[in-house]
Amino acid sequence: MSAAPPDRGTIAAAVMGDLVTLEVDTDDETVGAARIVATTDALVAGTTVVREIMARVGVRTRSLVAEGGIAAAGTAVLELGGPLAAIRGAAPLALTWLTRCGAVASGATPPEPGNPIDAYAARLSGHGAVGHDGPSFRLDIDPPSEEGIEG
């Protein structure tokens with residue numbers, strides 16, 4: 001069985017219902033950077049889902065830990081850049097999917113039958129469980145830079 005990630009259409013179909021309900025402060029144009037950090041030891045799965053969610057709100061992503069890799073607690077697994085309001089607005093959904101995919105991949109949660117994203121995550125499960133409750137992640141936002149602001 002291939003461990004190729006789901007295509008963008010499959011991911012969009014799975015997350016679109018939640019994407020359309022996101023609330024983003026469109027008056028806040030502050031641009032910045034953030035990181036998604038493992039708060040427990042974690043098998044990292046679902047970065048392609050996070051990338052699609054963030055792209056839909058205009059945020060760039062860069063993976064720091066390979067899909068299917070293990071991240072120790074405190075390790076940044078993804079960097080994000082773009083409008084901070086969009087990062088804040090989409091982060092809960094992104095963290096939910098990253099946690100869900102990691103839990104399925106680690107064996108802490110069984111895959112939902114017929115869910116192609118869960119099926120993909122389950123194929124990454126060669127590393128074994130990372131904990132009985134599965135992985136956990138948080139968002140760390142860098143403070144906005146004062147450079148270039150005239151007073």
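General observations
- The calculated FRET efficiency for the pair A4 and V31, based on their C-beta separation and a Förster distance of 41 Å, comes to about 0.80.
- Rounded FRET efficiency, nearest 0.05, which uses the C-beta distance separating I141 from E23 and R0 of 22 Å: 0.85
- For the set M16, M54, solvent exposure ranked by accessible area (probe 1.4 Å, protein chains only) runs largest to smallest as M16, M54.
- Compactness relative to 2.2 N^0.38 Å, alpha carbon Rg of region 4-49: 1.53
- Taking Lys and Arg as +1 and Asp and Glu as -1, the other residues whose beta-carbon sits under 14 Å from that of L93 total +1.
- Taking Cβ atoms as reference points and 15 Å as the exclusive limit, the residues near E52 contribute a net charge of +3, counting Lys and Arg as +1 and Asp and Glu as -1.
- Helices that extend 20 Å or more along their long axis by alpha-carbon positions and average at least 0.5 on the Kyte-Doolittle scale are, among the DSSP H runs of the chain, 84-106.
- Relative contact order for the chain, counting Cα pairs under 8 Å that sit 6 or more residues apart, in percent: 32 percent
- Of D7, D118, D142, the order by accessible heavy-atom surface (1.4 Å probe, DNA, RNA and ligands excluded), from most exposed downward, is D7, D142, D118.
- Across region 27-44, computed HN-Hα scalar couplings (Karplus, 6.51 cos²θ - 1.76 cosθ + 1.60, θ = phi - 60°) run 7, 8, 9, 4, 10, x, 10, 8, 9, 9, 10, 6, 9, 9, 4, 8, 7, 8 Hz from first to last residue, x flagging Gly and Pro.
- Estimated FRET transfer efficiency when R0 is 22 angstrom, pair E79-D41 (beta carbons, to 0.05): 0.65
The values are calculated or read from the model by the stated rules, or taken from the named source; none is laboratory data. Since the model is a prediction, treat every value here as computed from it, not as a measurement. Neighbour counts run over all protein chains shown; Cβ positions are idealised from the backbone, glycine included. With ligands, DNA and RNA removed, areas are computed over all heavy atoms of the protein, side chains included. Shrake-Rupley method; radii C 1.70, N 1.55, O 1.52, S 1.80 Å.
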